[in-house]
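Working notes, structure below.
The values are calculated or read from the model by the stated rules, or taken from the named source; none is laboratory data. Just so we're clear, the structure is a prediction, and the values are computed from it rather than from any experiment. Backbone-built Cβ (ideal geometry, glycine too); neighbour counts: all protein chains shown.
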Amino acid sequence: MSKRSSWSIPYFIFMVVFVVLPLILIVMYAFQDGSGHFTLANVTRFFSDKDSLSTFALSIEVALENTLLCILLGYPAAWILANKDLNRSAVTVMLFIMPMWINALMRTLATAELFNVMGFTLGKGTLLFGMVYDYIPFMIYPIYNTLQKMDASYAEAAQDLGATPWQVFWKVTVPLSKPGIMSGVLMVFMPTVSTFAISEFLTNNKIKLFGTIIQENINSSMWNYGAALALIMLIIIGLSSFLGGNEQAEAEGGLI
Amino acid sequence: MKKVLAKCYLWLLLAMLYAPLVFIAIFSFTESKVMGNWTGFSTKLYANLFTGNMNSGNGLISAVENTLIIALIAAAVSTIMGTIAAIGIYNLKGRKKQAMQFLNNIPMINPDIITGVSLFLLFVFLGVSQGYVTVVLAHITFCTPYVVLSVLPKLSQMNPNIYEAALDLGATPAQALRKVLVPELRPGMISGFILAFTMSLDDFAVTFFTRGTIGLDTLSTFIYTDARKGGLTPELRPLMTLIFLIVLILLVVINVRQEKAKKTVKSR
């Protein structure tokens, strides 16, 4: 049996070359100037540049608002879907996941176009709406999953012991579905912080998010500053996934 | 009453989710250059799509081809590598196992843009010219972890003795692998393959950073460049409508079948 553990070696080597080394390179490029000498200038430039800082703050703000809206709108939907009295069909669940199979950029462009036709000016409002629209399936699905697996006898026990339906919901159902909410938060928050293209399309280039300035720097060959910005994002992601636990991977793996 | 309210809420959300898709579908039946401008019913865009006779040239068709080929190669390689890796990881113990699982999680937690930028820097650092090969490698990188995660549970459900039994009964390791291990793992490998395939199809950011400057386009990057140039290729509308219909039909069929299967099991 133990011999077959060596089967993981090729994958280990692959991962070191294509995952670990590239991440080290981000750190390396972030602390180098154009000619390869060590410098802190890229990092200090970010903290002294008002535009970058305000873009960064805006990205975090939009991501937080988007996550909150997704929970507020998505939790009731997940709850209804998982409730056997209200919904019996797996097809309805599938209908919520199905838009994810359509190219995200195309959906976003159509959303933007729809806003134009309806006479909304593209700006922060349309950005938020478009983001909620893009990411809400990622919130609904993990919450639905935990709610569905939840043992109904807990809620029944609470009811038998005299809790009102409202109390049952807040004191039993919501706390028990916390893992689902956490993985939903990770699956919505992190992609929103890092998105580019989507924000450009939804606001007609008026609002830039953090992902966009990383992309602009990399594409205009400012690799070192781009890498420094990527490093800052990496730290944010690391922190939030550390705080949020490691449930994202499991939730995503369960999508099919 | 409660039921009606609940249903209303679900349908309202669904209406919101599907509005842009329906919007695309409606405007795939008119010839106008921009969406939202109705110039009379016409199926010309569909005809153009199938005859390849488009104003924008062959870009869209080759982008679709590239997307499918890249997704197929990436999913196939990820499935093979991921399955072998899963068998290895399953047989590891203690710290080494934890380390491999942690490593396997990194690409899944990383946002696309970080994966894209870091691989871009890798190819720059190694002096590799970017194009088809680098895009495929990048896709394999973010697809394989999902295969590993789909195959691992199948390994722990499997009775480890049957493989050994096959060896004891005179099977060569290759035979035991082909006739015992692979059939046991097949459901995990299939869902891993499908997951990898859809992840690759849907990718934009990683492709964007690793495709280099040779003008290689997948559907996502094609749409992006097209939109930045101002004005989407109108034939994208019928294409998206068709993709939408195919996916919808496939998913409904799969789900209805699963529900039926569940019901027959219960009625027994």
Just a yes or no: is a residue in the range B:254-265 of a type in the set (S, T, N, Q) and facing chain A (nearest Cβ under 9 Å)? yes
Checking A:TYR75 against (1) in contact (Cβ under 8 Å) with a residue 60 or more places away in the chain; (2) touching a Lys or Arg at 6+ places or on another chain (Cβ under 8 Å), which test does it fail? (2)
Pairs needed: first member in the range A:6-17, under 12 Å from B:ASN91 (Cβ atoms); second member anywhere, not hydrophobic (A, V, I, L, M, F, W, C); C-beta distance under 6 Å; at least 6 residues apart or different chains. A:TRP7/B:GLY88; A:SER8/B:GLY88
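Being facing chain B (nearest Cβ under 8 Å) and within 22 Å of the chain's Cα centre (by Cα) narrows it down to one of A:PRO99, A:PRO10, so name that one.
When all the criteria are applied, what remains is A:PRO99.
What number of residues in the range A:106-137 are part of a helix (DSSP H, G or I), of a type in the set (Phe, Trp, Tyr) and over 19 Å from the mean Cα position of the chain (by Cα)?
Initial filter on the range A:106-137 (part of a helix (DSSP H, G or I)): A:106-118, A:124-137.
Now narrow it down to the ones that are of a type in the set (Phe, Trp, Tyr): A:115, A:129, A:133, A:135.
Add one more test, that the residue is over 19 Å from the mean Cα position of the chain (by Cα), and what stays is A:115.
Summing the residues that are part of a helix (DSSP H, G or I), of a type in the set (Phe, Trp, Tyr) and over 19 Å from the mean Cα position of the chain (by Cα) in the range A:106-137 gives 1.
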Pick out the one residue from B:ILE194, B:ILE214, B:ILE246, B:ILE190 that is hydrophobic (A, V, I, L, M, F, W, C), over 19 Å from A:PHE196 (Cβ atoms) and not in a helix (DSSP H, G or I). B:ILE214
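Do we find a residue being away from every other protein chain (no Cβ under 11 Å), at pLDDT below 90 and surrounded by fewer than 17 Cβ atoms within 10 Å (Cβ to Cβ) anywhere in the range B:195-212? Show your work before the answer.
First, pick out the residues of the range B:195-212 that are away from every other protein chain (no Cβ under 11 Å): B:200, B:206-207, B:211-212.
If we keep only those that are at pLDDT below 90 as well, we get B:212.
Still in the list and also surrounded by fewer than 17 Cβ atoms within 10 Å (Cβ to Cβ): none.
Scanning the range B:195-212, I find no residue that is away from every other protein chain (no Cβ under 11 Å), at pLDDT below 90 and surrounded by fewer than 17 Cβ atoms within 10 Å (Cβ to Cβ), so the answer is no.
Being at pLDDT 85 or above and buried (at least 18 other Cβ atoms within 10 Å of the Cβ) is the filter here, so list the residues in the range A:74-94 that pass it.
Within the range A:74-94, the first condition is being at pLDDT 85 or above, and the residues that meet it are A:74-82.
Residues satisfying the conditions are A:GLY74, A:TYR75, A:ALA77, A:ALA78, A:TRP79, A:ILE80, A:LEU81, A:ALA82.
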Complete set of residues in the range A:178-196 that are in contact with a Phe, Trp or Tyr (Cβ under 8 Å, 6 or more places away or on another chain), modelled with pLDDT of 85 or more and small (Gly, Ala, Ser): A:GLY180, A:GLY184
Given A:THR121, A:THR146, A:THR126, A:THR111, which one is without any contact (Cβ under 8 Å) to a residue 60 or more places away in the chain, buried (at least 18 other Cβ atoms within 10 Å of the Cβ) and of a type in the set (S, T, N, Q)? A:THR146
Can you pull out the residues in the range A:142-157 that are in a helix (DSSP H, G or I) and within 28 Å of the chain's Cα centre (by Cα)? A:PRO142, A:ILE143, A:TYR144, A:ASN145, A:THR146, A:LEU147, A:GLN148, A:LYS149
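For (1) at the interface with chain A (Cβ under 7 Å from one of its Cβ atoms); (2) touching a helix residue (DSSP H, G or I) at 6+ places or on another chain (Cβ under 7 Å), each residue gets a yes or a no:
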residue: B:ALA71; (1), (2): no, yes
residue: B:GLY88; (1), (2): yes, yes
residue: B:ASN91; (1), (2): yes, yes
residue: B:VAL117; (1), (2): yes, yes
residue: B:SER129; (1), (2): no, no
residue: B:VAL135; (1), (2): no, yes
residue: B:PRO145; (1), (2): no, yes
residue: B:VAL148; (1), (2): no, yes
residue: B:ASN159; (1), (2): no, no
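Looking only at helices (runs of 4 or more DSSP H) that lie completely in the range A:1-105, which have at least 2 residues being of a type in the set (A, V, I, L, M) and in contact with a helix residue (DSSP H, G or I) (Cβ under 6 Å, 6 or more places away or on another chain)?
Working: elements: A:9-15, A:21-30, A:41-48, A:50-82, A:90-97.
So the answer is A:21-30, A:50-82, A:90-97.
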Is at least one residue of the range B:167-182 among the basic types (Lys, Arg), at the interface with chain A (Cβ under 9 Å from one of its Cβ atoms) and out of contact with any Pro (no Cβ under 6 Å at 6 or more places or on another chain)? no
Does the range B:243-265 contain at least one residue that is surrounded by 20 or more Cβ atoms within 10 Å (Cβ to Cβ), over 30 Å from B:SER32 (Cα atoms) and more than 16 Å from the chain's Cα centre (by Cα)? no
For the range B:213-227, which residues satisfy the criterion of being touching a residue at least 40 places away in the same chain (Cβ under 8 Å), among the hydroxyl-bearing types (Ser, Thr, Tyr) and surrounded by fewer than 20 Cβ atoms within 10 Å (Cβ to Cβ)? B:THR213
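Step by step: first the residues of the range B:30-58, then only those that are out of contact with any helix residue (DSSP H, G or I) (no Cβ under 6 Å at 6 or more places or on another chain) and in contact (Cβ under 8 Å) with a residue 40 or more places away in the chain, then the one that is surrounded by the most Cβ atoms within 10 Å (Cβ to Cβ). Which residue is that? Before the answer, list the steps.
Taking the range B:30-58 first, the residues out of contact with any helix residue (DSSP H, G or I) (no Cβ under 6 Å at 6 or more places or on another chain) are B:30, B:32-34, B:37-40, B:42-44, B:47-48, B:50-51, B:53, B:55-58.
Checking which are in contact (Cβ under 8 Å) with a residue 40 or more places away in the chain leaves us with B:32-34, B:48, B:55-56.
Numbers: B:SER32: 15, B:LYS33: 11, B:VAL34: 13, B:ASN48: 19, B:ASN55: 9, B:SER56: 17.
Among those that are out of contact with any helix residue (DSSP H, G or I) (no Cβ under 6 Å at 6 or more places or on another chain) and in contact (Cβ under 8 Å) with a residue 40 or more places away in the chain, it is B:ASN48.
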Within the range A:13-36, can you find the residues that are more than 7 Å from chain B (Cβ to nearest Cβ) and within 11 Å of A:ASN224 (Cα to Cα)? A:VAL27, A:MET28, A:ALA30, A:PHE31, A:GLN32, A:ASP33, A:GLY34, A:SER35, A:GLY36
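May I ask you to verify whether B:LEU216 is within 11 Å of chain A (Cβ to nearest Cβ) and aliphatic (A, V, I, L, M)? Even if it seems obvious, please write down each step before you answer.
On the way: within 11 Å of chain A (Cβ to nearest Cβ): no; aliphatic (A, V, I, L, M): yes.
No: the conditions fail for B:LEU216.
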